[in-house]
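One structure is given here, and the rest of the page talks about it.
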Amino acid sequence: MHQFAYKNGILHCEDVDLSRIAETYGTPTFVYSRNTILADLEEFQHAFAGLDTHIVYAVKACSNGAILRLMAQRGVGFDIVSGGELWRIVRAGGDPAACTYAGVAKTEPEIRYALECGIYCFICESENELRTINSIAADMGKQAPVAVRVNPNVDAHTHKYITTGTHENKFGVDISRIEALYATIAAELPHLRIRGLQMHIGSQLTEVHPFVAAVQKVSPLVAQFKNLYGIEFWSIGGGIGIVYDGCLASGSADWWRDHPEQMSIRSYAQALIPLLKPLGLRIVLEPGRRLVGNAGVLLTRCVYEKNGESKHFKMIDAGMNDIIRPALYEGYHEIWPVREHSDEGILADVVGPICESGDFQAQNRRIPDVKPGELLAEMSAGAYGFSMSSTYNSRPLAAEVMVDGNKVTLIRRRQTIEQVVEDEILSDE
Ligand code: LLP
């Protein structure tokens, strides 16, 4: 559930009228609901209360320091994938000792930095990487905590660009090779300490059965590694999906009652806890999207409209540089006017200012017939929205604000064009 709803005909985030935010901070602006994030986090903590768990928030989903700080204050660790993300955690006051560090191509400076900071565990994705970490740790006189990401070859049935757990993907080590690899670590790499095992099968899963299948498939291996190497944790990754189509309605408890097919944090926990508990070790969870996705919207303004030969277009001031999900993954985001409409709507493409045909936020969609100057909210934009944005077409990065009740806090100033070009060097020639 989230806290975006119409009140007196105006879309609000918690108690704040979104048009007020547009007036103060301009558009496009990402707006996050603090209490939605906290409620989802509490739901996670509560759902897994009976199990020894450690939640590591997947920083890549939304890496604003204010959000990281909020998570850190609630005792959450972090799933990081670069030295830069680790640096952000340190800056936000997070604890490196609560961080797992994944990614297929960690570089030597990144590995050194993570060892200096004392992270909880490296999640390794190849033998080559393990050997590199071993020699860097030797050089630094340390022992590096490691886990290997096992690829269970289970199809997550999600978009092909965000499925990760099959033989086709670059991620992890094939399940058929993992036993030999752990034996190699134990026998040949003395500067590594085997601490756990990890898997992650994909993102935006809306059904529980691929998770169940993967847990059932990998569990025997976990039990075996606990006996052989004394591993202390198993990370079962992230990937819990959110509501994109039906997002606005899903802000109410009734919607959840009427849609039992939508995987909730509770149904995910209820299906997995009985399978995980008998293993008797710490279960690490790596949610990203589920903690922030429905908690954020992109506030944008309709700039123009036009009728093409066969289509009607609404042009908005947010582009694929602000949210790339529709262009990259055929992602679907609901688009709602800030001022409620009662018209029957119009079939339109909602497009941005970028010079690419792929720069659309909605295609052939019936939307309220908003006019130039009106504000719109692109829903479910909290995850992989700002964090994937760019300055393509020399467009400064959007602003980000956080709402708490009736209070609005700017958590990232809108970038200026001077900041966009400040590191460029004009050649004399
Ligand atoms: N753990 C690992 C190892 C991951 O690779 C990911 C996401 C997560 C956890 C968090 O997954 P989540 O709970 O957020 O599904 N940009 C894409 C999603 C890419 C996901 C990458 N890995 C999108 O916008 O759909």
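The values are calculated or read from the model by the stated rules, or taken from the named source; none is laboratory data. These figures come from a predicted structure and were not determined experimentally. Ideal geometry is used to build each Cβ from the backbone, glycine not excepted, and the neighbour counts take in all protein chains shown.
Identify, please: which residue in segment 285-313 is away from the ligand (no atom under 16 Å from the Cβ), in contact (Cβ under 8 Å) with a residue 60 or more places away in the chain and not polar (S, T, N, Q) and is, among those, farthest from Phe30 (Cα to Cα)?
Applying the filter and picking the extreme gives Glu305.
May I ask you to verify whether Arg193 is within 13 Å of the ligand (Cβ to nearest atom) and part of a strand (DSSP E or B)?
Criteria not met by Arg193.
With the condition kept exactly as written, say whether any residue in segment 180-201 is more than 24 Å from Ile283 (Cβ to Cβ) and touching a strand residue (DSSP E or B) at 6+ places or on another chain (Cβ under 7 Å).
yes
Can you find even one residue in segment 155-178 that is away from the ligand (no atom under 12 Å from the Cβ), outside any helix (DSSP H, G or I) and crowded, with 21+ Cβ neighbours inside 10 Å?
no
Which condition number does Met388 fail, the rest of (1) within 16 Å of the ligand (Cβ to nearest atom); (2) under 30 Å from Ala98 (Cα atoms); (3) buried (at least 19 other Cβ atoms within 10 Å of the Cβ) being met?
Of (1) within 16 Å of the ligand (Cβ to nearest atom); (2) under 30 Å from Ala98 (Cα atoms); (3) buried (at least 19 other Cβ atoms within 10 Å of the Cβ), only one is false for Met388: (3).
Given the structure, is Leu410 in a strand (DSSP E or B) and either modelled with pLDDT of 95 or more or closer than 27 Å to Ser33 by Cα (or both)?
Answer is yes for this residue.
Identify the residue in segment 115-142 that is part of a loop (DSSP other than H, G, I, E, B) and within 30 Å of the chain's Cα centre (by Cα) and, among all such residues, is nearest to the ligand (Cβ to nearest atom).
Among those residues, the one meeting the criterion is Glu125.
Pro220 fails exactly one of the following numbered conditions: (1) of a type outside the set (Lys, Arg); (2) more than 16 Å from the ligand (Cβ to nearest atom); (3) within 18 Å of Ile133 (Cβ to Cβ). What is the number of that condition?
The number of the failed condition is (3).
Of the residues that make up segment 237-257, is at least one within 16 Å of the ligand (Cβ to nearest atom), buried (at least 19 other Cβ atoms within 10 Å of the Cβ) and assigned to a helix (DSSP H, G or I)?
No, the conditions are met nowhere in segment 237-257.
Kindly indicate whether Ile111 is within 16 Å of the ligand (Cβ to nearest atom) and either modelled with pLDDT of 95 or more or not in a strand (DSSP E or B) (or both).
It is false that Ile111 is within 16 Å of the ligand (Cβ to nearest atom) and either modelled with pLDDT of 95 or more or not in a strand (DSSP E or B) (or both).
How many residues does segment 80-138 hold that are touching a Lys or Arg at 6+ places or on another chain (Cβ under 6 Å) and of a type in the set (Lys, Arg)?
0
Does Arg289 qualify as being surrounded by fewer than 23 Cβ atoms within 10 Å (Cβ to Cβ) and of a type in the set (Lys, Arg)?
For Arg289, the condition - surrounded by fewer than 23 Cβ atoms within 10 Å (Cβ to Cβ) and of a type in the set (Lys, Arg) - is not met.
How do the pairs read when you match residues in segment 1-18 that are of a type in the set (S, T, N, Q) with residues anywhere that are assigned to a strand (DSSP E or B), using Cβ under 8 Å and keeping only pairs 6 or more apart or on different chains?
Correct list of pairs: Gln3/Cys13; Gln3/Ser33.
Suppose the filter is in a strand (DSSP E or B), surrounded by 14 or more Cβ atoms within 10 Å (Cβ to Cβ), of a type in the set (Gly, Ala, Ser) and out of contact with any Phe, Trp or Tyr (no Cβ under 7 Å at 6 or more places or on another chain); does Ala383 pass it?
For Ala383, the condition - in a strand (DSSP E or B), surrounded by 14 or more Cβ atoms within 10 Å (Cβ to Cβ), of a type in the set (Gly, Ala, Ser) and out of contact with any Phe, Trp or Tyr (no Cβ under 7 Å at 6 or more places or on another chain) - is not met.
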